[in-house]
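Just below is one structure, and these are the notes that go with it.
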Amino acid sequence: MFLVLISCARTPGTSSNSGTVAKAEDFSVYRPKFPAPPTEPAGNTKPTAEPTVLVTPTNHVNNRVLALLDTMANANKAIKYASGYRILAYTGTERKTAMDMRRAIIERIPDERDYLQYRQPTFRLKVGDYLTRLEAQQVLSRIRDITPNALIVTDQINVNR
């Protein structure tokens, strides 16, 4: 107990300079000097600036802007693939199980596209083309009872269907 009390006691400070005091230099001659801003009397409470009037734009979409927007739209139509997400519903070696799983998923969500891949010796069933993980998660929750081991995987997805 005595050792704990001693370890908490204040120790005398040590000084690296042996009694010499550093001389403080005056740098005020080198500092830039700025004039003081004018002060107004405290009784003046009127606003100095006039309220701004909002101006509604006219002719803000002209022919040049329309041409640029059309160019961008055509460039976006040309994009066919993007990085996105798919649901990996089945991975295994049994073709019949993969086809049964595919049939059950198509019955549950008929508007989603399925991708059945075979790389010897494994069948992989992927479902959907989702740009965000949240979209994929919503569909996964709808088919979770059919495919309890399904995962969301990143994949190259088809943008334009």
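General remarks:
- For segment 108-126, a tally of residues being at pLDDT 95 or above and within 15 Å of residue 144 (Cα to Cα) returns 2.
- For the condition at pLDDT 70 or above and either touching a helix residue (DSSP H, G or I) at 6+ places or on another chain (Cβ under 8 Å) or surrounded by 10 or more Cβ atoms within 10 Å (Cβ to Cβ) (or both), residue 53 does not qualify.
- Any pair with Cβ under 8 angstrom, 6 or more apart, that starts in segment 95-107 at a residue that is closer than 20 Å to residue 142 by Cβ and ends at one that is in a helix (DSSP H, G or I) and at pLDDT below 95: 105/143
- Among the residues making up segment 108-137, those that are surrounded by fewer than 11 Cβ atoms within 10 Å (Cβ to Cβ) and outside any strand (DSSP E or B) are 110, 111, 120, 121, 132, 134.
- Qualifying position, being basic (Lys, Arg) and at pLDDT below 90, among 80, 96: 80
- Among the residues of segment 138-158, the ones that are more than 20 Å from residue 79 (Cα to Cα) and either of a type in the set (A, V, I, L, M, F, W, C) or part of a helix (DSSP H, G or I) (or both) come to 11 in all.
- Subset of segment 75-107 [surrounded by 14 or more Cβ atoms within 10 Å (Cβ to Cβ) and of a type in the set (Phe, Trp, Tyr)]: 85, 90
- Qualifying residue in segment 64-71 (condition: in contact (Cβ under 8 Å) with a residue 12 or more places away in the chain and of a type outside the set (S, T, N, Q)): no
The values are calculated or read from the model by the stated rules, or taken from the named source; none is laboratory data. The structure displayed is predicted, hence computed values, not measured ones. All Cβ positions, even for glycine, are placed from backbone atoms using ideal geometry, and neighbour counts span all protein chains on display.
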